[in-house]
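A quick write-up on the structure given underneath.
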Amino acid sequence: MNMLFKNCNLISPDVELEGASILVEDRTVKQIFAKRDPLPAADKVIDVKGEMTVPGFVDIHCHGKSGFDFSDATEEAMTTIGIDKLKEGVTTFLPTTLTLPEEQLAASLRTAAEYVKKGVKGVKLAGVHLEGPFINPKCLGAQNPDFVREPDIEMVRRLAKIFPVKKVSYAVEMPGGDRFASECLAEGITPSCVHSAATFKQFQAAHEHGLRNLTHFCNQMTPLHHRDIGLVGAGFACKDVYIELICDKLHICPDMISLVFSLKNVEKIQLITDAMRAAGMPDGESSLGGLAVIVKDGAARLASNGALAGSTLQICDALRNVHEITGLPLKDLIKTTSWNQACALGLEKIGKLAPGYLADIVILNSNFKVKSVFVEGELRYQA
């Protein structure tokens, strides 16, 4: 069966076409038509009525949603998160772990494997993102200090045998941290730096070993300073480095968001949620990695010290925020929601609405709220 999406305001990397149509066949985009092009017959026609039509979002850093956390290591948690992420326009994501014991991490990865095995009709899993436990104990943020350990590629290999590990976020200044980057790359895993007090020189050592990513940029990393530019400076100075951004206007203020987009190539910026279990839930008590959290006005903070504890952000809202703050064209900003993630992690056939790419399609209204989500041409969410 083939499908034709007509009257689209198609927004894809470097492309914006009003009145466009998209022909989908065998789970992929077959052809794009301009406004006045003759259209082929199709088994099913969907009139988008001029709404924004964009590639499915790729969230490479998400811990939880709807009252559940990936680290709960239960089938119910993985399934609920995987289905509810559709509501914000996500079609592919990396469920993200916390600083926890290996046996608990392994249990979480087993739920991811089971989710894929059962063919749950939610978002697709491109692998798992390990945030920790290889972090600097002086830069915990909302991570649990009891389970911090030094970089250990053998541990990563053991976990990857359960379910593919796609990204590891760690502190490069930890013993063996520079070499750990090349060890990860040899396994097909993307290394990234965060929860780190690294100097620029220490970052450069890992960069020489192939590290090209910074996790939740500006948060839990050495700030820009005139005597050592640190990790924030590295993100600006190194043109080949990808950065994650939590654009909820809380983790990073609007002025900093504007500065980042003015200094950094938009093709190296990746919007993430860093969402925890309180995402999609009302304010109140919550938890993250066994630590008590209070959510007030949508801001999640540790009950013990007020430190930010992940976010309650949705990717569709992050895109709206950066559009309002920067005023940049959507054909550029849309790269930050999917294409850049695909490039950084080597994910094929996603991130664009173009012939040969998978038909991961999201329809947004003028307020950037999700109306419908198609995963490889299959309708999986309708508002």
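Every number in this text was worked out from the coordinates using simple rules, so none of it is lab data. Since this is a predicted model, take the numbers as computed values, not measurements. Using ideal geometry, Cβ is built from the backbone for each residue, glycine included, and neighbour counts are taken over all protein chains shown.
Residue by residue through the stretch 189-196, which ³J(HN,Hα) values in whole Hz follow from phi under the Karplus form 6.51 cos²θ - 1.76 cosθ + 1.60 (θ = phi - 60°), with glycine and proline marked x?
10, 8, x, 8, 9, 5, 6, 9
Exactly which trypsin sites (Lys or Arg not before Pro) in the stretch 214-304 are in a DSSP loop and have at most 15 other Cβ atoms within 10 Å?
ARG227, LYS239
How about LYS249: which aspartates and glutamates have a C-alpha closer than 17 Å to its C-alpha, ignoring those fewer than 8 places off in the same chain?
The qualifying aspartates and glutamates are ASP274, ASP297, ASP317, GLU324.
Would you mind checking which residues have amide H under 5 Å from SER372's amide H? H placed 1.01 Å from N; only 5 or more apart, or other chain.
Residues meeting the amide H criterion: ILE363, ALA383.
Could you pull out the pairs from LYS65/LYS239; LYS44/LYS85; LYS124/LYS167; LYS30/LYS87; LYS44/LYS331 whose alpha carbons sit more than 24 Å apart here?
The pairs that break the limit, which is 24 Å between Cα atoms, are LYS65/LYS239; LYS44/LYS85; LYS30/LYS87; LYS44/LYS331.
Please report Rg (one decimal) and Dmax (integer) in Å for the Cα set of the stretch 133-191.
Expressed in Å, the Cα Rg and Dmax of the stretch 133-191 come to 11.3, 31.
Note down the net charge around ILE315, summing +1 for each Lys or Arg and -1 for each Asp or Glu among other residues with Cβ under 14 Å from its Cβ.
Its environment carries a net charge of -2.
Looking at the square roots a ≥ b ≥ c of the eigenvalues of the Cα gyration tensor of the chain, which shape do they give, rounded for a/c under 1.5, prolate if a/b is larger than b/c, or oblate?
Prolate, because a/c is 1.5 or more and a/b exceeds b/c.
Please list, in chain and number order, the residues 5+ apart from SER311 or on another chain whose amide H is under 5 Å from its amide H, with Hs placed from the backbone.
ALA275, MET276
In whole Hz, with x marking every Gly and Pro, tabulate ³J(HN,Hα) for the stretch 283-288 from phi via Karplus 6.51 cos²θ - 1.76 cosθ + 1.60, θ = phi - 60°.
Taking θ as phi minus 60°, the curve returns 4, x, 7, 8, 7, 8 Hz for the stretch 283-288.
Test of understanding: ordering HIS61, HIS323, HIS209, HIS226 by Cβ neighbours within 10 Å, fewest first, what list do you get?
Ascending Cβ contact count within 10 Å gives the list HIS226, HIS323, HIS209, HIS61.
Can you list the HN-Hα couplings for the stretch 208-220, worked out from phi with the Karplus curve (6.51, -1.76, 1.60; θ = phi - 60°), rounded to whole Hz and with x for Gly and Pro?
Per residue, the Karplus-derived 3J(HN,Hα) values read 5, 8, x, 5, 9, 9, 10, 8, 4, 3, 5, 9, 6 Hz.
Calculate log10 I(q)/I(0) of the stretch 49-118 for q = 0.20 Å⁻¹, where I(q) comes from the Debye formula with a single equal point scatterer on each Cα and nothing for solvent.
Here log10 of I(q) over I(0) equals -0.78.
Which residues' amide hydrogens lie under 5 Å from the amide hydrogen of ILE46, considering only partners 5 or more residues apart or on another chain, with H built in the peptide plane?
LEU4, PHE5, LYS6
Between ASP228 and ALA383, what length in nm is gained on full extension when 0.36 nm per residue of separation is reduced by their alpha carbon distance?
50.9 nm
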